[in-house]
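To keep things clear, I will list the structure first and then write my remarks on it.
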Amino acid sequence: MSPPVLQIEALSKRFGGLLVTDDVTLDVGAAEIHALIGPNGAGKSTLIGQVMGEIEPDSGTILLEGQDLSRLSQASRVRRGLARTFQVPEVLGEYGARDNVLAALLAHRRTRPLVNPRHDRALAEEADGFLLRAGLAGRGDVRVADLAHGERKLLELAVALATMPRVLLLDEPMAGLGPGESAQMIEVLRSLRGEVAMLLVEHDMNAVFALADRISVLVYGRVIACGSAEDIQRDPVVRSAYLGTEEA
Amino acid sequence: MDKARGSDPMKKSGSPRWRGFLPLVGLVLLVALPFAAQAFGQSALTSLATRMLILAIAASALNIALGLGGLVSFGHAAFYGVGAYAVGILTTHGASGMPFLGFVPGSEHLAVNLLVAMSVSGIVAGLIGALALRTSGVPFIMITLAFAQMLFFFFVALKAYGGDDGLSMRRRNALPGLNMRDDVTFYFTSLTILLAWLGVSARLFHSRFGLLLGGIRQSERRMQAIGVPTVRYRWLAFVLSGVGTGLAGGLMAVFGRFVSPDMMHWTQSGELLIMVVLGGAGTIFGPVLGAFALIGLETLLAGWTEHWQIILGPALVLMALTFRGGLARLGRSEQGP
Ligand SMILES: Nc1ncnc2c1ncn2[C@@H]1O[C@H](COP(=O)(O)OP(=O)(O)OP(=O)(O)O)[C@@H](O)[C@H]1O
Ligand SMILES: [Mg+2]
C-alpha cells in the first residue's frame, strides 16, 4: 500500500473529566476511504475538529504527507490539503449555492482588487463545476436558506472539494438523508475515490460497507478495532460494543 | 418577476427595474437642495443637510463593520470623536503656529487634516479592535462601549484642549480655490466626500474581501473550515470602518468649527447604530437613508414639541417594525439579510 497521507499518532483530548480522544492512532492511505464508526458521543466529531485545528489536542501528533501540523492554524492546514464537512450543515444561508462554493475558491486565491468576483464568468463556471460534481447542477442561484437538507449536505461536499483537498474529513455525510438522497451521496463519494483520500465518519452501515476500504471503530474515544469490513463484522469485541446493538 | 429568476447566472433577481434609478433621483435632489433652500429663503436647510451628509458618511462606515461584518460595535462614536479631535487639535496648532507636542506642525488644510483624522481613527480602531475582537456577541458590544467611554472621559479631562467645554476653532479648514466659509460650497464638498466614500464602500462590498467578510458574518466556523483567517478579516473590517467614521468626525469638526467630548458619548454610538439599522444594514445606500431619516425626524419633532425624545423612541420602533430590513429594502421582493 502507498504511504499514508494522513497519520494521527497517539492523540488524546480531555473535556474536563471526559476523555474524548484516548490515545488514538489511525492513518488514511493515499486514495483510501477509511471509515470511522462508533456510537453517539464516541468522539468522532471531536477527532475531526482536532485534525482540522479547530480543537487543540492535549497530546499526540497529526501528520499530513509526513509534515507535522501541530503548530499550524486551520487556514494553513486547509492550504496544505485538509478539508472537512460538518455533521450539521454549516453553510452560508444568505448566499446562493454558487457563492458558497465561490467563497471556498476565493479563500486562497488572489483576485484583481477592483473586480467583482461574482461577475467573473470563469470563476462562476469553476464553481458550477463543483456543484455539478456534488450533484447540484443548476442549483447555483438558489439561496441556501431555501435548499432542502439533503442539498445542503451535498453543498457541504461541493464547498469542501472547492478547496482542492488531498484528504477529506467527512462528518456523517448521510445524516438526515432519505434513501434516494443517501444513494446519491454514495454515488458522488464513490466517484471521488482515487482522487482524494477520505476519513468517513458515518453511522449508516450500508454506506460504510459500500465505500470503505478499511473501517476503524471508536468507542469512548478509543479505537477498539481496525480492519476490512469482514474483519470488523466478525470481531467479537466490536459486535458486543457496537454492531451487536444494531443486529439485535 | 419570479419566472425570470435563475435565467442568467450573473443576474441577481428580486428588484424591480425602477429601483436602479433611485440613487440617481436622490443625487439630483441633493444637488438641487441648496439652490432650492436659497430660493425659498431657507438657508438653514443647507446646514441641516450638510450635517445629514456628514453623518451619512459615519453611518456608511459603521455599516462595513455592522452590516457586512456583523460586528455590533457600540463604540463607533470613539472613532468619530477621535477624527474630530485630530482635526480640532491640528487646526488649533495651525492657527497659533505652535507645533503640537513641540514638533508636529499644525495645519489648517482640509485635505491634510482629514487624512490625519482617518489615520488616527484607523490606528485607534486597530488597537481597540485587536482587543475587542477576541470576543463576540454581547461581550463585544460591551467592550467597544467601554473603550469609547474611556476615550470620552479622557477628552473630558483633557483641559489643554477644552475639557468638557470642547474646543472651538476660529475658522474652517481651507481647500485651495474654494471658499469654505460659504455654506453651499461646504455642502458640495461634503456631498463629494460622501459620494467618494460610497464609491469605496460599494467596491469593498462587491470585492473578494466583501464576499468573504459577508460569509464570516453568516458562519465563522464555515469560513475557518475553508481556510479563511477570520479574525484578521474582521479586524481589517473594523479598521476600515473606523477610518470612515473618523473621516466623518473630522469633517463635522470643520463644519461646526467645534469639537467636544459629546461627539464620543455613547448616545452618539447609539444614533449611528440606529441610522444603519433603520436605513438597512448591509446595503450601500441604506445608511445614507437612515442618517437622513433619523436627523430629519429629530429635527421635525424638536421643532414641534420640546418632549420630542419621548415621541422619537416609539416612532423608531414603529418604523423598525414597518420597514423590516430597512428603508433601502423597500419595494424589494426579497427580505434579508
Ligand atoms: N466542547 C466540548 N466541551 C465538553 N464536552 C464536549 C465538547 N464537545 C463534545 N463534547 C463531548 O464529547 C463527547 C464526544 O462528542 P463528539 O461530538 O465528538 O461525538 P461523536 O462521536 O461525533 O457523536 P455523534 O455520533 O453523536 O455525532 C460527547 O460526550 C460530547 O458531549
Ligand atoms: Mg459527531
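With respect to chain A, whose longest principal axis is taken over its alpha-carbon atoms, helix A:121-133 is tilted by about 30°. Is the range A:68-187 rounded, prolate or oblate when judged by the Cα gyration tensor, a ≥ b ≥ c being the square roots of its eigenvalues, rounded requiring a/c under 1.5 and prolate requiring a/b larger than b/c? Verdict is oblate for the range A:68-187. Axis angle, to the nearest 10 degrees, between helix A:97-106 and the longest C-alpha principal axis of chain A: 80 degrees. Measuring r between the beta carbons of A:ARG110 and A:GLU65 and using R0 = 22 Å, the FRET efficiency lands at 0.35. Dipole orientation for chain B: of the candidates B:PHE285, B:LEU301, B:LEU114, B:PHE285 has the Cα lying most toward the positive pole (charges on Cβ; Lys, Arg +1; Asp, Glu -1).
Set Lys and Arg Cβ to +1 and Asp and Glu Cβ to -1, take the dipole of the range B:44-265 about its Cα centre, and tell me which of B:THR185, B:SER260, B:ILE216 lies farthest positive. In the range B:44-265, that residue is B:ILE216. A simple spin-label model places pseudo-atoms 7 Å from Cα toward Cβ; at B:LEU236 and B:ASN179 they are separated by 4.5 nm. If you look at the Cα atoms of chain B, you get an Rg and a Dmax of 20.3, 69 Å. So what is log10(I(q)/I(0)) for the range A:118-206 at q = 0.12, 0.26 1/Å, when the Debye sum runs over its Cα atoms only? Here log10 of I(q) over I(0) equals -0.36, -1.50. Using C-alpha pairs below 8 Å separated by at least 6 residues, the relative contact order for chain A is 27 percent.
Taken as Cα centroids, the range B:225-272 and the range A:172-221 sit 49 Å apart, rounded to the nearest whole angstrom.
In a simple Cβ point-charge model (Lys, Arg +1; Asp, Glu -1; nothing else charged), the range B:194-330 has a dipole of about 780 debye relative to its Cα centre. Classify the range B:244-337 as rounded, prolate or oblate, taking a ≥ b ≥ c as the square roots of the eigenvalues of its Cα gyration tensor: rounded when a/c is under 1.5, otherwise prolate if a/b is larger than b/c and oblate if not. Oblate is the answer for the range B:244-337, as a/c is 1.5 or above yet b/c matches or exceeds a/b. Between B:LEU115 and A:ASP146, the FRET efficiency estimated from the beta carbon spacing at R0 = 41 angstrom works out to 0.35.
Using Cα pairs closer than 8 Å and at least 6 residues apart in sequence, work out the relative contact order for the range A:93-164, in percent.
48
For the range A:93-164, the alpha-carbon radius of gyration amounts to 1.03 times the rule-of-thumb value 2.2 N^0.38 Å expected for a compact globular protein.
The alpha carbon convex hull volume per residue for the range B:98-137 rounds to 83 Å³.
What you get for chain B, charging only the Cβ of Lys and Arg (+1) and of Asp and Glu (-1), is a dipole of about 1160 debye around the Cα centre.
With the convex hull constructed from alpha-carbon coordinates only, chain A shows a mean projected area of 14.3 nm² over all directions.
If you find the alpha carbon centre of the range A:21-45 and of the range B:94-140, how far apart are they in angstrom? Taking the Cα centre of each part, the range A:21-45 and the range B:94-140 sit 52 Å apart. Coupling constants for the range A:86-94 follow from the phi torsions by the Karplus curve (6.51 cos²θ - 1.76 cosθ + 1.60, θ = phi - 60°), and in residue order they are 9, 4, 9, x, 10, 10, 8, x, 7 Hz; glycine and proline get x. Computed from the alpha carbon atoms alone, the convex hull of the protein assembly as shown holds 193 Å³ per residue.
This ranking places B:PHE258, A:PHE86, B:PHE79, B:PHE147 by how few other beta-carbon atoms lie within 10 Å of each, fewest first, which gives B:PHE258, B:PHE147, A:PHE86, B:PHE79.
Taking amide hydrogens as placed 1.01 Å from N in the peptide plane, the amide H of A:MET198 sits under 5 Å from those of A:GLU32, A:ILE33, A:HIS34, A:LEU168, each at least 5 positions away in sequence or on another chain. With each label modelled as a point 7 angstrom along the Cα→C-beta vector, the B:LEU101-A:THR25 pair spans 5.9 nm.
Note on A:GLU126 and B:THR135: the model spin-label points, each 7 Å out from Cα along the C-beta direction, lie 4.0 nm apart. Take every Cα pair under 8 Å whose residues are at least 6 apart in sequence, average their separation, divide by the length of chain B, and the relative contact order is 31 percent. Between amide H atoms placed 1.01 Å from N, distances below 5 Å from A:GLY29 occur with A:VAL5, all of them 5 or more places distant or on a separate chain.
To the nearest 0.05, what FRET efficiency results for B:THR322 and B:PHE21 with a Förster distance of 35 Å applied to their C-beta separation?
0.90
Could you tell me whether the range B:100-228 comes out rounded, prolate or oblate from its Cα gyration tensor? Rule is a ≥ b ≥ c as square roots of the eigenvalues, rounded for a/c under 1.5, then prolate if a/b exceeds b/c, otherwise oblate. Spell out each step's value before the answer.
Working: a/c = 2.69, a/b = 1.43, b/c = 1.88.
Oblate shape, in that a/c is at least 1.5 and b/c is the bigger or equal ratio.
Partner aspartates and glutamates whose Cα lies under 16 Å from the Cα of A:LYS13, excluding those fewer than 8 positions away in the same chain, are identified as A:ASP22, A:ASP23, A:GLU54, A:GLU56, A:ASP58. Taking the Cα centre of the protein assembly as shown as reference, the dipole from Cβ charges on Lys and Arg (+1) and Asp and Glu (-1) amounts to some 1760 debye.
Coordinate-derived values only; no laboratory data. Everything quoted here is computed from the prediction, not taken from an experiment. Ideal geometry is used to build each Cβ from the backbone, glycine not excepted, and the neighbour counts take in all protein chains shown.
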